[in-house]
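Worksheet: the structure to be examined is printed underneath.
The values are calculated or read from the model by the stated rules, or taken from the named source; none is laboratory data. Predicted model, so just to flag it, every value in this text is computed and none were measured. When we count neighbours, we look across all protein chains shown, and the Cβ atoms used for this are built from the backbone with ideal geometry, even at glycine. Note: accessible area is taken over every heavy atom of the protein model, side chains too, but ligands, DNA and RNA are not part of it. Shrake-Rupley method; radii C 1.70, N 1.55, O 1.52, S 1.80 Å.
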2 protein chains.
Amino acid sequence: MTTRDHCLALDAADALAPLRDQFELPGGTIYLDGNSLGVLPRATAARVQQVVRDEWGRGLITSWNAAGWITLPQRVGDKIARLVGAGAGEVVVADSTSANLFKVLGAALAIQRAEAPQRDRIVSERGNFPTDLYIAESLARQHGAELVLVDDDADIAARLDARCAVLMLTQVDYKSGRVHDMAALTRAAHDAGALAVWDLAHSAGALPVDLNGAAADFAVGCGYKYLNGGPGAPAFVWVHPRHVDRFWQPLAGWIGHAAPFEFVPGYRPAPGIARYLVGTPPILSLAALECGVDTVLAADALGGIAALRAKSLALTRLFVELVESRCTGHGLQLVTPRDDALRGSQVSWRRAEGGYAIVQALIARGVVGDFRAPDVLRFGFAPLYTRFVDVFDAVEQLRQVLDSGQWREPRFHQRAAVT
Amino acid sequence: MTTRDHCLALDAADALAPLRDQFELPGGTIYLDGNSLGVLPRATAARVQQVVRDEWGRGLITSWNAAGWITLPQRVGDKIARLVGAGAGEVVVADSTSANLFKVLGAALAIQRAEAPQRDRIVSERGNFPTDLYIAESLARQHGAELVLVDDDADIAARLDARCAVLMLTQVDYKSGRVHDMAALTRAAHDAGALAVWDLAHSAGALPVDLNGAAADFAVGCGYKYLNGGPGAPAFVWVHPRHVDRFWQPLAGWIGHAAPFEFVPGYRPAPGIARYLVGTPPILSLAALECGVDTVLAADALGGIAALRAKSLALTRLFVELVESRCTGHGLQLVTPRDDALRGSQVSWRRAEGGYAIVQALIARGVVGDFRAPDVLRFGFAPLYTRFVDVFDAVEQLRQVLDSGQWREPRFHQRAAVT
């Protein structure tokens, strides 16, 4: 069995360990929820202050040009592009993941309606993150299409038929952490005449993504998870160059216009991905997101995303091993795949009862994971700042909470607004 | 003619003068562009630091509950509600003005399609801010409706006919500063069977707005102009209680769901205005916006919006008087109405040539206005922080730029990305 000393030795030998110094980590906390909200980069507070005090406070409107505000959605987008296998100029940062999905799923449906009107189905998974399903449901209603949800990965292939317009998937499942094979599923969708829309919320910054290599059609992703952009950071959107100029996305705001500062009536979309911009860019949030993305790009000199992925898998493998050896007999069922290729950067366990309270009891001990209704305990292992010894110590706390039955105390059962 | 000393005396007698101390104003600058980007409130930098360092950095995900992040869109919305004649619980802050307009104009069209399908026109003005026209154009395309644009205010009434579904107007024209009578036009729209959608971008925080008093149907507004929320601050949205539960807005994101943290497939919109929320709230931006809104609410003890409005009108009246008396013979034509009731918080001048260069020459002298293509020089007078002596000094600089012909220097003709 892996000992604490062995974990310390793993940290000592970890070439990525210095990347942890990029972050302000609260003392006394083992943070295993970077898949919900990434931690604060050390650079962010100063950079946001600079934007607030200097660029806004002193520069005022001149900063749109002088401080490069107007191109910030593209500048940060280009940085994210390097993390998801997209080219320069192919990604912009804008709005929320939900809003961006509305744009690209709408584009995919419109392209199919023009080319293959008999295709009237969006295929996705019942377990997909709800906002994706809600947006799809809304667009299905608008387009007279149908949202078809499968309950099991294995059923996807059967739904890629003559009626399938779009396959819409989240690459890494938010609850289980299961990873889809983006290249294979995109190929299967294309072979069936469908388009593939990918949500990279739990992928970007956590594992290698190759959108162009997979010849994917559309993608969106989140700025506040593994990209460490801060609470409610803006999201990103990518469209394959073969599609990008084909569709006028319906949120036809002025910043996506070909000439926003001509102030002319009559919408003409900007060429390329800029047409997916809508309103005035949120500068404070974009500046914070850029600092977060930079923390991931800092891994480039140490092996980049591939090295982060290797560490992430080692962390999650260790967590599974330690929980299964040290927390036996407590009814924790592993939900996350054991196969490295199928596992994202998190590990989830199902427990028939008490999941919420166990997570609360852990938080009270400084081990922050989260609970996903109805019965999943979820732990994320962001490789930029999580140590092997953190894994050991977290499991020890979990063992104590379970062995002692402490989680049964009423105080851990009080539900907060956000659980 | 009003002298500089008289302006100083006006400032000395101005009960609102202390409100200026709420802001970090750059030295050597007379800022007459608060209608484009409001200035930095003194409280903002510290508040944003607190959010970044304490709430995000230390609190991490617990701050969704502990720091009240999850209800911030409503909390700031309730504060804005007080400035626009809306009730508590009727306004939320979310997304951009463009995105919010997409939601409410879509709602208005859907309501009419259900109740009066023969109504297939959106009526607006050719001079409306372009993003409003682009969003309307997009929705018109989607709904098989037609966007009808009038060139003159006087033509609006004639277009309120049996085919008019929605009258969509910006209360204060971004270019001319002309104010529409919201109550009268809403009544006229209703009398004709149409719904009224109002954009309050240049109204909120600058003049009294009474959405419920006018019985308006829908409204959106901007956070970064007179509300001083910072560059690209999130926008707000209001729906009259009689409509709010009638429509499932199409950007059906998880934060607008009745139970976002149940993580269930199947969209059920939240009751009330919360259904107009989409993605995870942008916390940094919301915190900054709250500081900005607070600077306006600080006027409550000094007469509130009515007092701000009186000062704003005095400032713009003075500016017109001084320009017309001191800058004669230079071809400046007043675009903004002289009638107080018809004038927002800005003054615009048309000039056949050189408008852009004149604005640049003024900026080089520390007087910041802006230029709106093709020929308008625009000056905003935010009453929270603009002094009467600023008006005098700005006109003196304008006089010098014009009398000297300095604006003809080539350096003032170089166009930047954002003009």
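Chain A packed on chain B takes about 6700 Å² of accessible surface away from a 1.4 Å probe, both sides summed.
At a threshold of 30 Å², the residues of the range B:1-49 that become less accessible to a 1.4 Å probe in the full protein assembly than in their chain on its own are B:PRO26, B:TYR31, B:LEU37, B:LEU40, B:ALA45, B:VAL48, B:GLN49. Cβ under 11 Å from A:ARG113's Cβ, A:ARG113 left aside: what net charge do those residues give with Lys, Arg +1 and Asp, Glu -1? After counting each charged neighbour, the total is -1. In order along the range B:161-172, the phi-based Karplus estimate (6.51 cos²θ - 1.76 cosθ + 1.60, θ = phi - 60°) of 3J(HN,Hα) comes to 10, 5, 9, 7, 8, 9, 9, 10, 9, 9, 4, 10 Hz; Gly and Pro are listed as x. In this structure the range B:70-118 gives 30 Å² per residue of accessible area when probed at 1.4 Å with all protein chains present. Which residue fluctuates most in the GNM of chain B (Cα springs below 10 Å): B:LEU315, B:LEU139, B:LEU105? In this elastic network of chain B, the residue with the biggest mean-square fluctuation among B:LEU315, B:LEU139, B:LEU105 is B:LEU139.
Remark on the range B:69-115: accessible area falls by at least 30 square angstrom from chain-alone to full-complex state for B:SER96, B:PHE102, probe 1.4 angstrom. From its DSSP helices (H runs of at least four residues, each -39,500 (n - 2.57)), chain B gives a residue-normalised ellipticity at 222 nm of -10500 deg cm²/dmol. Computed over protein heavy atoms with a 1.4 Å probe, the accessible surface of the range B:298-419 works out to 37 Å² per residue.
Across identical copies of the chain, B:ARG268 has label-point separations of 4.9 nm, listed in ascending order, with the point defined 7 angstrom from Cα along Cα→Cβ. Highest GNM mean-square fluctuation among A:PRO374, A:PRO41, A:PRO265, for chain A modelled with Cα contacts below 10 Å: A:PRO265.
Full extension of the chain between A:ALA114 and A:GLU262 gives 50.1 nm of extra length, using 0.36 nm per residue less the Cα-Cα distance.
Here the contact order of the range B:19-119, divided by its residue count and restricted to Cα pairs under 8 Å and six or more residues apart, works out to 14 percent. Taken about its Cα centre, the range B:273-375 carries a charge dipole of about 160 debye when Lys and Arg each add +1 at the Cβ and Asp and Glu each add -1 at the Cβ.
About the Cα centre of the range B:112-240, how large is the charge dipole given +1 on each Lys and Arg Cβ and -1 on each Asp and Glu Cβ? Please answer in debye to the nearest 20. That gives a dipole near 260 debye.
In nanometers and ordered shortest first, the copy-to-copy spacing of the B:ARG317 label point, defined 7 Å from Cα toward Cβ, is 7.9. The amide H of B:LEU167, built 1.01 Å from its N in the peptide plane, has B:VAL123, B:LEU195, B:ALA196, B:VAL197 as neighbours under 5 Å, considering only residues 5 or more places off or on other chains.
Pairs with C-alpha atoms separated by more than 27 Å, drawn from the list B:LYS225/B:LYS311; A:LYS79/B:LYS175; A:LYS103/B:LYS79; A:LYS79/A:LYS311; A:LYS103/A:LYS311, are A:LYS79/B:LYS175; A:LYS103/B:LYS79; A:LYS103/A:LYS311. If you take the Cα centroid of the range B:380-419 and the Cα centroid of the range B:326-360, the two points sit 12 Å apart.
What a 1.4 Å probe finds exposed on the range A:294-374 is 53% carbon and sulfur by accessible area, rounded to a whole percent. Between the residues B:ALA136, B:LEU334, B:PRO383, the greatest Cα displacement towards the positive end of the dipole of chain B, with unit charges on the Cβ of Lys, Arg, Asp and Glu, is found for B:ALA136. To the nearest ten degrees, helix B:130-143 and the longest principal axis of the Cα atoms of chain B are 30 degrees apart. Taking amide H as placed 1.01 Å from N in the peptide plane, A:VAL367 has its amide H under 5 Å from the amide H of A:ILE30, each at least 5 places away in sequence or on another chain.
Applying both filters, DSSP loop and at most 14 other Cβ atoms within 10 Å, to the GluC sites (Glu not before Pro) of the range A:318-381 gives A:GLU353. For the range A:252-381, averaging the sequence separation of C-alpha pairs within contact (under 8 Å, six or more residues apart) and dividing by the residue count gives a relative contact order of 15 percent. Highest average first, the peptides B:356-367, B:157-168 ordered by how many other beta carbon atoms sit within 10 Å of their residues are B:356-367, B:157-168. Using a probe of 1.4 angstrom, how much of the accessible area of the range A:163-243 is carbon and sulfur, in percent? Roughly 53 percent, rounded to a whole number. Compute the label zone of A:GLU146 within the range A:96-112: residues whose backbone N is under 19 Å from the point 7 Å along Cα-to-Cβ. Within reach of a label on A:GLU146, which here means backbone N under 19 Å from a point 7 Å along Cα→Cβ, the range A:96-112 contributes A:109-110, A:112.
For the options A:GLY279, A:GLY344, A:GLY329, a Gaussian network treatment of chain A with springs between C-alpha atoms closer than 10 Å singles out A:GLY329 as fluctuating the most. In terms of the Cα gyration tensor, with a ≥ b ≥ c the square roots of its eigenvalues, is the range B:140-268 rounded because a/c is under 1.5, prolate because a/b exceeds b/c, or oblate? Verdict is oblate for the range B:140-268.
The alpha-carbon positions of chain B define a convex hull whose volume is 145 Å³ per residue. Positive contributions from Lys and Arg (+1) and negative ones from Asp and Glu (-1), summed over other residues with Cβ under 14 Å from the Cβ of B:VAL166, come out at -3. Sorted shortest first, the separations between the A:HIS243 label point and its copies elsewhere in the assembly read 3.2 nm; each point sits 7 Å from Cα along the Cα-to-Cβ line. In a reduced charge model with +1 at each Lys and Arg Cβ and -1 at each Asp and Glu Cβ, the protein assembly as shown shows a dipole moment near 160 debye about its Cα centre.
Mean per-residue shielding of peptide A:251-259 is 6, counting Cβ atoms of other chains within 10 Å of each Cβ. Counting only other chain Cβ atoms within 10 Å of each residue's Cβ, the peptide A:55-67 averages 6.
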